[in-house]
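*Asks:* Take a look at the following structure, please.
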Amino acid sequence: MVSGGRSRARTVRAYGFAVAFLAAAVLVGAMAGAADLNPLGTAAALLDRLPFVHLSSGLGPLDRAVLFQIRLPRVVLGALVGGALSLAGAGYQGVFRNPLVDSSLLGSSAGAGLGATIAIVHLGTSSPAALPVAAFVGSLAGVAVAYLAGAAGGPGTSTLLLAGLAVSMFLTAVQTYLLQRSTQDIQRVYSWLLGSLSAATWHQTGQILPYLAVAVTVVLLHGRHLDVLSVGDEEARSLGMHPGRIRLVVVAGCALAAAGAVAVSGLIGFVGIIVPHAVRRLAGSSYRRVLPLSMLFGAGFLVLADTLARTVVAPAELPIGVVTALIGSPAFIWILRSTRSVRT
Amino acid sequence: MAHHPDQLRPLRRTPLVRALSTATAIVAATAVLAGCGSSKSSGGSASSATPSASAAAASFPVTVSTANGGVTIKSQPQHIVSLSPTATEDLYAVGAGKQVVAVDSTSNYPSGVPSSSLSGLTPNIEAIVKYNPDLVIASQDTGGLVAGLTKLGVPVLIEPAAAKLDDAYQQIDQIGQATGHAAQAAQTVSDMKSQIAATVKEAGTTHANLNYFYEVSANPYYSATSSTFFGQVVSLFGLKNIADAADKASDGGYPQLAQEYIVSAQPKLIFLSDNAASDGGQSPAIVAARPGWAGIPAVKNGQVIGLDDDIASRWGPRLPELVKEIAQAVEKAPAQ
């Protein structure tokens with residue numbers, strides 16, 4: 001849709017910036033932490049893992065355990081979750097042609113919250129593996145119910161959104177009811193609802209990777225379709241597309257990405273809204289660019305936010321949701337004020 | 001189920017009343033109770049007179065100063081409702097168990113307490129009043145508990161989570177005075193003090209080389225500093241708490257610790273207070289299996305101790321048992 005050397009240069013610049021931002025975030029995230037590892041040794045230990053590179057890091061076995069089993073999985077999981085949430089947010093905004101939508105609005109967060117609460121209250125701690133599964137299933141089920149309820153109300157995106165809102169409220173009410181009946185679980189449920197990457201493991205990253213891979217592939221392949229949809233359903237039909245089918249596929253992809261993220265990190269808000277908007281300001285509104293760039297910037301943003309969460313008050317930690325909102329909001333307002341407005 | 005007082009019976013037998021909504025019925029009951037409160041207080045203690053009880057009754061009215069101010073109790077309470085598991089243990093320890101008519105859903109010790117579905121976290125005043133209490137003890141004043149019950153003429157003692165050992169002793173004394181068992185309460189306290197002193201003396205108080213991590217919850221990892229009640233109990237032995245480095249006034253002594261800090265601090269002892277199935281289900285085996293934790297001395301030396309959560313989270317008469325649990329761990333720890 002966009003042509004000419006200037007916009008191509010802009011695109012290249014945006015991708016270069018995004019990749020550099022993510023790489024810098026991962027490096028900072030790997031080098032900083034409460035454990036006071038030697039930053040140079042950390043960098044050497046990381047480079048040593050690359051093929052054909054052999055460096056002596058000077059890190060002891062304890063330091064290596066901290067770096068490779070606690071800090072690094074957390075950085076990688078943060079990148080995956082941030083990328084998934086931002087991609088899902090951008091995808092939803094394209095599907096609904098609405099700048100304020102993200103996975104929290106379409107039954108995904110509420111469904112995950114209900115799933116997690118049921119797992120904590122009813123399964124207790126007998127099967128800890130059940131919690132991410134319940135959140136994952138709950139998230140997908142929440143979106144599915146919202147979608148079915150909305151689709152039954154006729155075509156159009158606003159019906160779907162309102163249905164999502166109603167389903168979210170219903171699911172949240174059920175969750176609150178369950179919690180009220182089981183007050184001893186309140187602390188665990190709220191810890192989960194606040195979102196956290198503090199217990200990240202390689203096992204978790206491995207668990208969500210296949211789902212994210214499928215979701216990312218599906219959503220990224222639909223950038224052009226979302227661009228056409230943003231003009232209108234009529235135009236899309238005149239080009240031989242099926243708006244309803246596109247919406248269903250993209251929503252399914254976004255729901256899968258968000259479900260994967262939420263299963264391992266709880267509810268981390270805000271990322272899915274601000275990252276895609278910041279990206280639009282940087283690289284224009286075509287979804288062919290907004291989707292992949294949102295994923296890259298979102299990954300870097302969450303890694304940085306989590307690094308702050310675990311370092312500013314070290315050896316204590318802040319909840320990551322506090323950091324994403326405290327740092328993200330002013331940064332977002334600054335981006336809004338210093339760039340020109342673009343179409344969503 | 002608790003026994004309902006006589007004056008409620010005619011009201012409850014009426015079919016019309018049964019048919020009414022629960023709310024209306026309870027409001028009616030409340031009005032009856034509030035009206036009869038004063039006349040009842042004169043006859044309450046006489047009916048169950050035993051030699052010691054009548055001696056105790058003589059000490060009334062008594063004014064106890066608690067977290068919610070001075071509370072005057074006109075005569076020895078015979079229908080006590082406890083909304084705090086610690087208060088329940090205190091009541092039975094001082095010999096007031098027979099006067100207890102209902103305890104909240106988390107009170108589970110001693111066995112045979114009159115359990116109910118009452119909640120101390122989200123108290124329902126109408127549900128409490130159904131037990132026709134002449135004394136209510138809770139650990140926090142939420143949901144207008146004190147104001148609501150005071151309006152109905154029911155005295156309330158708020159005995160909040162103890163900040164230090166002396167608070168715990170003081171609360172037992174207060175509960176003893178309020179229930180007419182002051183002497184037995186004083187005896188309970190002095191027994192606790194001497195048991196704790198003996199345990200600490202045996203284990204020694206100079207274990208500054210032992211540092212410990214106290215796990216309140218995993219994922220995220222919350223801990224408790226030396227300024228908390230548990231921290232002070234462990235400080236009796238002179239141990240160092242790794243959470244103290246993260247102490248900030250804003251946490252109230254319960255900071256969230258970065259996992260990599262816990263591992264790199266190399267604690268020699270780990271105490272788990274989240275090892276019951278109901279509040280975390282962690283165990284020494286689960287701790288050992290956490291990625292990166294295998295190198296922690298406490299894990300290597302089998303010094304991860306799953307505390308009895310009920311004992312560790314309360315500040316009642318079973319404190320000496322908590323001190324013993326800690327002492328056993330300290331004594332087993334390898335000398336440096």
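*Asks:* Could you check, for region A:139-162, whether at least one of its residues is free of Cβ contacts under 8 Å to residues at least 24 places away in the same chain, under 30 Å from B:A285 (Cβ atoms) and out of contact with any strand residue (DSSP E or B) (no Cβ under 8 Å at 6 or more places or on another chain)?
*Replies:* Scanning region A:139-162, I find no residue that is free of Cβ contacts under 8 Å to residues at least 24 places away in the same chain, under 30 Å from B:A285 (Cβ atoms) and out of contact with any strand residue (DSSP E or B) (no Cβ under 8 Å at 6 or more places or on another chain), so the answer is no.
The rows are residues; the columns are (1) at positive phi; (2) within 14 Å of another protein chain (Cβ to nearest Cβ); (3) touching a residue at least 60 places away in the same chain (Cβ under 8 Å).
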site	(1), (2), (3)
B:H207	no, no, yes
B:V216	no, yes, no
B:S223	no, yes, no
B:V234	no, no, yes
B:D247	no, yes, no
B:G252	yes, yes, no
B:L257	no, yes, no
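*Asks:* Could you list, in sequence order, the residues of region A:296-318 that are farther than 14 Å from A:F17 by Cβ and among the hydrophobic types (A, V, I, L, M, F, W, C)?
*Replies:* A:L302, A:V303, A:L304, A:A305, A:L308, A:A309, A:V312, A:V313, A:A314, A:A316, A:L318, listed by residue number.
*Asks:* I'd like to check which helices (runs of 4 or more DSSP H) are fully inside region A:19-115 and have at least 2 residues that are more than 25 Å from A:Y211 (Cα to Cα) and at pLDDT below 95.
*Replies:* Answer list for region A:19-115: A:39-48, A:61-65.
*Asks:* Right, another one. What are the residues in region B:109-124 that are more than 25 Å from B:R318 (Cα to Cα) and crowded, with 20+ Cβ neighbours inside 10 Å, if any?
*Replies:* Correct list: B:P123 only.
*Asks:* Follow-up. Would you confirm, using the coordinates I've provided, whether A:L37 is under 22 Å from A:F297 (Cα atoms), within 14 Å of chain B (Cβ to nearest Cβ) and surrounded by 14 or more Cβ atoms within 10 Å (Cβ to Cβ)? Give the derivation first.
*Replies:* Numbers: under 22 Å from A:F297 (Cα atoms): no; within 14 Å of chain B (Cβ to nearest Cβ): yes; surrounded by 14 or more Cβ atoms within 10 Å (Cβ to Cβ): yes.
Judged against the criteria, A:L37 is not a match.
*Asks:* Taking A:L59, is it free of Cβ contacts under 8 Å to residues at least 24 places away in the same chain and either of a type in the set (A, V, I, L, M, F, W, C) or crowded, with 17+ Cβ neighbours inside 10 Å (or both)?
*Replies:* Details: free of Cβ contacts under 8 Å to residues at least 24 places away in the same chain: yes; either of a type in the set (A, V, I, L, M, F, W, C) or crowded, with 17+ Cβ neighbours inside 10 Å (or both): yes.
The answer is yes for A:L59.
*Asks:* Moving to a separate point now. Of all residues being surrounded by 19 or more Cβ atoms within 10 Å (Cβ to Cβ), more than 8 Å from chain A (Cβ to nearest Cβ) and modelled with pLDDT of 90 or more in region B:263-285, which is nearest to A:R71 (Cα to Cα)? Just the residue, please.
*Replies:* B:P267
*Asks:* Output the residues belonging to region A:263-317 that are in contact with a Lys or Arg (Cβ under 8 Å, 6 or more places away or on another chain) and small (G, A, S).
*Replies:* A:A283, A:G284, A:S285, A:A316
*Asks:* B:N211 versus (1) within 12 Å of chain A (Cβ to nearest Cβ); (2) in contact with a Pro (Cβ under 8 Å, 6 or more places away or on another chain): which is the lone unmet condition?
*Replies:* Against the list (1) within 12 Å of chain A (Cβ to nearest Cβ); (2) in contact with a Pro (Cβ under 8 Å, 6 or more places away or on another chain), B:N211 comes up short only on (1).
*Asks:* Output the residues belonging to region B:201-242 that are among the small types (G, A, S), closer than 15 Å to A:S198 by Cβ and at pLDDT 90 or above.
*Replies:* Of all residues in region B:201-242, those among the small types (G, A, S) come to B:203-204, B:208, B:217-218, B:223-224, B:226-227, B:231, B:235, B:238.
Keeping just the survivors that are closer than 15 Å to A:S198 by Cβ gives B:217-218, B:223.
The answer is B:S223, and nothing else.
*Asks:* Is there a residue being within 25 Å of A:I186 (Cα to Cα), among the aliphatic types (A, V, I, L, M) and modelled with pLDDT of 95 or more anywhere in region B:112-133?
*Replies:* The answer is no, given that none of the residues of region B:112-133 is within 25 Å of A:I186 (Cα to Cα), among the aliphatic types (A, V, I, L, M) and modelled with pLDDT of 95 or more.
*Asks:* I need the helices (runs of 4 or more DSSP H) fully contained in region A:215-326, keeping only those with at least 2 residues that are in contact with an Asp or Glu (Cβ under 6 Å, 6 or more places away or on another chain) and either away from chain B (no Cβ under 14 Å) or buried (at least 20 other Cβ atoms within 10 Å of the Cβ) (or both).
*Replies:* So the answer is A:271-283, A:287-311.
*Asks:* Is it true that A:T159 is more than 25 Å from A:Q207 (Cβ to Cβ), modelled with pLDDT under 90 and away from every other protein chain (no Cβ under 14 Å)?
*Replies:* yes
*Asks:* With respect to A:Q69, determine if the residue is polar (S, T, N, Q) and within 14 Å of chain B (Cβ to nearest Cβ).
*Replies:* Values: polar (S, T, N, Q): yes; within 14 Å of chain B (Cβ to nearest Cβ): yes.
It is true that A:Q69 is polar (S, T, N, Q) and within 14 Å of chain B (Cβ to nearest Cβ).
*Asks:* Could you check region B:233-336 for helices (runs of 4 or more DSSP H) lying wholly inside it with 1 or more residues that are touching a Pro at 6+ places or on another chain (Cβ under 9 Å) and of a type outside the set (A, V, I, L, M)? Spell out the reasoning first.
*Replies:* Numbers: elements: B:259-264, B:284-289, B:297-300, B:309-313, B:319-332.
Per the criteria, B:259-264, B:297-300, B:309-313.
*Asks:* Suppose the filter is without any contact (Cβ under 8 Å) to a residue 60 or more places away in the chain, at negative phi and within 16 Å of the chain's Cα centre (by Cα); does B:A138 pass it? Don't jump to the end; show me each part of the working.
*Replies:* Details: without any contact (Cβ under 8 Å) to a residue 60 or more places away in the chain: yes; at negative phi: yes; within 16 Å of the chain's Cα centre (by Cα): yes.
So B:A138 fits the description; yes.
*Asks:* Just to verify a result, which residue in region A:180-206, among those that are more than 10 Å from chain B (Cβ to nearest Cβ) and at pLDDT 90 or above, is farthest from the chain's Cα centre (by Cα)?
*Replies:* A:G206
*Asks:* Just to be sure before I move on: is A:V81 of a type in the set (A, V, I, L, M) and buried (at least 24 other Cβ atoms within 10 Å of the Cβ) in the structure I sent?
*Replies:* Judged against the criteria, A:V81 is a match.
The values are calculated or read from the model by the stated rules, or taken from the named source; none is laboratory data. Bear in mind the structure is a predicted one, so any value in this text is a computation, not a measurement. Note that each Cβ is placed from the backbone with ideal geometry, even for glycine, and that neighbours are counted across all protein chains shown.
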